[in-house]
Amino acid sequence: MAHMAFTTPPALTVGFDLDMTLIDSRPGIRACYQALSERTGTYIDADLAVTRLGPPLAEELINWFPAEDIPAMADLYRAMYPAIAITATPAMTGAREAIAAVREAGGRAIVVTAKYEPNAKLHLAHLGIEPDAVIGDLWAEQKAEALREHDAGVYVGDHVGDVRGARTAGALSVAVATGPCPEEELRAAGADVVLTDLTEFPRWLSDYRPARA
């Protein structure tokens with residue numbers, strides 16, 4: 001009797017943003033901006049800066065420094081960052097469980113972030129969060145490059161830029177209202193799913209997977 005051949009469906013790959021999705025980067029980034037301000041003698045409202053996390057570093061620095069100084073200030077900030085920001089930054093509630101849920105479902109979890117990639121990797125290593133890949137220095141629609149390359153079917157993020165990245169890649173946009181963008185703004189940007197935070201993600205994922213079959 002001939003054996004029937006069963007084809008295994010491709011493993012689900014889920015992408016996650018980093019700042020305000022997997023990590024609460026506000027304390028570390030606030031401290032790093034304060035240190036940059038002291039080092040350069042330039043006023044930076046660090047409390048204001050951490051209310052609008054998500055876009056690339058240069059988009060925040062332009063509020064405080066002349067355009068011609070931005071590359072040098074970005075380099076200085078990134079060099080100071082590991083000693084100041086890593087230990088000050090906790091994981092978001094539910095972050096580890098969200099990554100674990102993807103693994104338990106037989107999937108791959110990747111991180112796609114606008115953060116400078118070496119510093120993104122330092123955060124994850126410090127917190128003991130081990131995704132299958134970390135891709136940095138990509139913002140909004142640029143994130144689609146990495147999502148497509150890794151064949152991600154879902155992208156989880158807290159910013160409208162993350163929603164745009166997911167939609168550009170043709171991935172399902174799952175938004176968490178834990179960053180600067182409220183639920184209504186995420187929905188208006190086109191998020192397919194909006195969760196209060198990552199603690200809701202494992203149950204959502206378990207409900208989503210049978211619908212894929």
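Between 130, 200, the distinction of being modelled with pLDDT of 95 or more and part of a helix (DSSP H, G or I) belongs to 200 only. Only one entry of 83, 74, 31 meets the criterion of being assigned to a helix (DSSP H, G or I), among the aliphatic types (A, V, I, L, M) and closer than 23 Å to residue 162 by Cα, and that entry is 74. Quick one: in the stretch 48-87, which of the residues that are open to solvent by 40 Å² or more (accessible area, probe 1.4 Å) and among the small types (Gly, Ala, Ser) is farthest from residue 31 (Cα to Cα)? It comes out as 67.
Among the residues of the stretch 137-147, is any in contact with an Asp or Glu (Cβ under 9 Å, 6 or more places away or on another chain), more than 25 Å from residue 10 (Cβ to Cβ) and open to solvent by less than 60 Å² (accessible area, probe 1.4 Å)? Checked the stretch 137-147: at least one residue is in contact with an Asp or Glu (Cβ under 9 Å, 6 or more places away or on another chain), more than 25 Å from residue 10 (Cβ to Cβ) and open to solvent by less than 60 Å² (accessible area, probe 1.4 Å). Only one of the listed residues (105, 166) is open to solvent by less than 20 Å² (accessible area, probe 1.4 Å) and among the hydrophobic types (A, V, I, L, M, F, W, C). That residue is 166. One residue stands out among those in the stretch 11-59 that are without any contact (Cβ under 8 Å) to a residue 60 or more places away in the chain and of a type in the set (Asp, Glu): the one that is nearest to residue 76 (Cα to Cα), which is 38.
The values are calculated or read from the model by the stated rules, or taken from the named source; none is laboratory data. The structure presented is a predicted model; accordingly, all values stated were derived computationally and were not measured. With ideal geometry, Cβ positions are generated from the backbone for all residues, glycine too; neighbour counts draw on all protein chains shown. Quick note on the areas: whole protein, heavy atoms, side chains included, nothing else; ligands and nucleic acids left out. Shrake-Rupley method; radii C 1.70, N 1.55, O 1.52, S 1.80 Å.
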